[in-house]
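Let me begin by presenting the structure, written as structure tokens, before commenting on it.
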Amino acid sequence: MEDQRFGKIEIIEKQHRHQSFWDMFATWVGANANNGTWYVGGVIAACGFATASVTLVFVGIVSYILLALAGNMGYKTGISAMALTRASFGLRGSFLPSVINLVQFIGWAAVNTFIAATSISYILHDLLNWPVYGKPGGLKGLTVGIIVMSILHILSTSMGEKSVRIIERIGIILVFILVIWESIVVFKHVSFSEILAYRPAASVKMTPGQAVDVLAAFNLAWVTAGSDFTRFSKKQSSATWAPFWGANLGLVWFATIGTISTLATAITLNHFDANNSDPSTIASKLGLGILAMLVIIITSTTANAVNLMAAGSALTNMTKRLRLTQSIIIVTLVATLVTFIPIFYSTFLGVFTAFLDGIGMFLGPEIAIFLADFYLVENQKYDLNSFTSRNGKYWYHGGINWFAISVWVVSVLSYSVFKAIPVIANSVGATFVSMLVAAILYTIFGKMISRTK
């Protein structure tokens with residue numbers, strides 16, 4: 001669909017959709033069966049195994065119900081995620097969620113690339129005796145790793161959705177092998193009863209509310225990319241239940257391995273340090289060797305195929321001139337540069353947690369608004385002809401729905417307020433509460449908005 005007055009969007013008609021339930025399931029398992037999920041599991045290990053596990057399952061269910069709802073939007077309309085936000089934020093207002101999505105998925109791509117590049121530095125140490133990253137001279141190996149990963153990312157996304165589907169099918173098998181192998185090795189070193197009984201020191205202990213915010217920020221990232229993939233689904237169940245179950249399986253499996261591995265390392269060293277959550281560090285400490293490092297690299301590639309496609313889709317929504325493949329190449333190059341940022345800080349963990357906090361603050365209200373608009377205000381009925389028209393329903397005032405922007409600003413500010421209230425911040429966290437504020441405000445007043453015809 002194209003209107004020269006504003007730009008174009010691609011609508012995938014139902015006769016051109018070819019992804020089965022299992023294709024979609026593999027995509028979303030692969031999206032979470034990766035090093036970032038492993039690392040997040042290690043971060044929340046600071047709660048202790050029992051609290052981390054319960055929080056993991058609870059937040060996963062809530063987050064991926066929202067993913068299923070977003071996936072259904074893609075199935076119903078055939079439109080990409082950021083193009084869909086034109087209906088709630090306005091044709092020009094959709095640049096706000098597009099920028100947020102662009103930044104966060106470039107960030108996630110950089111996170112996974114950094115972890116994989118660390119693995120490459122270990123491989124180069126074993127093969128060429130180069131120093132590993134973190135040791136004097138280790139930056140050389142990390143730099144080579146980042147360059148290698150960037151080339152792999154461009155190759156893995158070269159054909160858009162088709163190449164993502166192929167690499168997910170291959171990667172998911174290798175991912176499962178690594179997880180099983182890792183589990184066996186971990187439990188040879190430490191018993192499950194020891195892991196269950198271990199309690200991190202009070203100085204490093206994380207509250208349940210803090211864990212909720214970490215996991216919410218991690219999980220919600222996929223909600224804003226849901227329809228980028230589900231619009232290719234042949235059936236509605238593939239667009240809703242496949243993402244829900246696939247993302248939850250990848251999350252619980254890999255985050256649990258991250259939690260167990262980090263706690264096992266803490267027990268072995270008699271010292272808890274969330275910086276040891278990095279899968280390359282754990283694989284090295286457990287003596288898993290080069291093969292494990294190679295699988296870590298592959299899992300980063302599978303995860304970043306989804307990240308970079310989502311970032312490219314966001315960039316495409318912001319410009320008339322770039323096709324999706326061109327956008328993906330651009331965001332891959334930008335992500336390569338962003339990957340170098342953590343080397344200027346004392347630890348990768350500090351950069352990672354600050355990144356997660358920013359995602360929770362800005363992303364949660366955006367998601368609440370575009371879901372509330374589709375399901376509660378518009379009753380799942382969008383005028384597809386208005387997605388590119390200056391005279392259409394979604395032009396609002398100068399192309400911006402200032403009401404949606406105002407609700408977003410208020411909700412972002414409320415996140416900071418809730419973070420400062422200990423009873424909320426330490427129990428349920430600030431992310432979902434600020435999202436609830438956004439959904440209520442937008443729904444109550446949304447139907448009063450007079451949309452320009």
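The values are calculated or read from the model by the stated rules, or taken from the named source; none is laboratory data. In this text, all values refer to a predicted model and were calculated from it rather than measured experimentally. Reconstructed Cβ throughout: ideal geometry from the backbone, glycine too, with neighbour counts over all protein chains shown.
With the structure loaded, tell me whether Val59 is under 24 Å from Val190 (Cβ atoms), hydrophobic (A, V, I, L, M, F, W, C) and either in contact with a Pro (Cβ under 7 Å, 6 or more places away or on another chain) or buried (at least 19 other Cβ atoms within 10 Å of the Cβ) (or both) or whether it fails that test. Spell out the reasoning first.
On the way: under 24 Å from Val190 (Cβ atoms): no; hydrophobic (A, V, I, L, M, F, W, C): yes; either in contact with a Pro (Cβ under 7 Å, 6 or more places away or on another chain) or buried (at least 19 other Cβ atoms within 10 Å of the Cβ) (or both): yes.
So Val59 fails the test.
Among the residues of the range 65-95, write down those that are among the aliphatic types (A, V, I, L, M), in contact with a Leu (Cβ under 8 Å, 6 or more places away or on another chain) and at pLDDT 95 or above. Give the steps one after another, and end with the answer.
First, pick out the residues of the range 65-95 that are among the aliphatic types (A, V, I, L, M): 65-70, 73, 79, 81-84, 87, 91.
Add one more test, that the residue is in contact with a Leu (Cβ under 8 Å, 6 or more places away or on another chain), and what stays is 66, 69-70, 73, 79.
Residues satisfying the conditions are Leu66, Leu69, Ala70, Met73.
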Exercise for review: Report, by residue number, each residue of the range 389-443 that is free of Cβ contacts under 8 Å to residues at least 60 places away in the same chain, touching a helix residue (DSSP H, G or I) at 6+ places or on another chain (Cβ under 8 Å) and of a type in the set (A, V, I, L, M, F, W, C).
Suggested key: Phe403, Val407, Val410, Val412, Phe418, Val433, Leu441
Check your understanding: Does the range 155-165 hold any residues that are modelled with pLDDT of 60 or more and surrounded by fewer than 16 Cβ atoms within 10 Å (Cβ to Cβ), and which are they?
Key -> Leu155, Ser158
Exercise for review: Filter the range 2-18 for residues that are surrounded by 15 or more Cβ atoms within 10 Å (Cβ to Cβ) and at pLDDT below 85 and give the result.
Suggested key: Asp3, Phe6, Gly7, Ile9, Glu10
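For the range 226-246, name all the residues that are assigned to a helix (DSSP H, G or I), of a type in the set (A, V, I, L, M, F, W, C) and at pLDDT below 95. Working first, answer last.
We begin by selecting, within the range 226-246, every residue assigned to a helix (DSSP H, G or I); these are 226-230, 236-246.
Cutting the leftovers down to of a type in the set (A, V, I, L, M, F, W, C) gives us 229, 239, 241-242, 244-245.
Passing the criteria: only Phe229.
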Practice item. Given the conditions (1) crowded, with 23+ Cβ neighbours inside 10 Å; (2) closer than 19 Å to Ser98 by Cβ, report the number of the one that Thr339 does not fulfil. Key: (2)
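For Ile424, are the conditions met, namely being within 16 Å of Leu371 (Cα to Cα), surrounded by fewer than 17 Cβ atoms within 10 Å (Cβ to Cβ) and modelled with pLDDT of 95 or more? Full working, then the answer.
Numbers: within 16 Å of Leu371 (Cα to Cα): no; surrounded by fewer than 17 Cβ atoms within 10 Å (Cβ to Cβ): yes; modelled with pLDDT of 95 or more: yes.
Here the answer is no, as Ile424 does not meet what is asked.
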Exercise for review: Within the range 80-105, track down each residue that is surrounded by fewer than 24 Cβ atoms within 10 Å (Cβ to Cβ) and either of a type in the set (Val, Ile, Thr) or touching a Phe, Trp or Tyr at 6+ places or on another chain (Cβ under 7 Å) (or both).
Suggested key: Leu96, Val99, Ile100, Val103
Check your understanding: Out of the residues in the range 28-46 that are touching a Ser or Thr at 6+ places or on another chain (Cβ under 7 Å) and part of a helix (DSSP H, G or I), which is farthest from Leu349 (Cα to Cα)?
Key -> Gly30
Check your understanding: Residues of the range 316-332 being among the aliphatic types (A, V, I, L, M) and in a helix (DSSP H, G or I), which ones?
Key -> Leu324, Ile328, Ile329, Ile330, Val331
Check your understanding: Do we find a residue being farther than 18 Å from Val252 by Cα and of a type in the set (Phe, Trp, Tyr) anywhere in the range 80-100?
Key -> yes
Review point. Could you list, in sequence order, the residues of the range 389-406 that are farther than 19 Å from Ala438 by Cα, part of a loop (DSSP other than H, G, I, E, B) and not aromatic (Phe, Trp, Tyr)?
Key: Ser389, Arg390, Asn391, Gly392, Lys393, Gly398, Gly399
Point to revise | Search result, residues across the range 104-133 that are under 21 Å from Val295 (Cα atoms) and among the small types (Gly, Ala, Ser) | key: Ala109, Ala110, Ala116, Ala117, Ser119, Ser121
Exercise for review: Could you identify the single residue in Arg92, Arg86 that is in contact with a strand residue (DSSP E or B) (Cβ under 6 Å, 6 or more places away or on another chain) and of a type in the set (D, E, K, R)?
Suggested key: Arg92
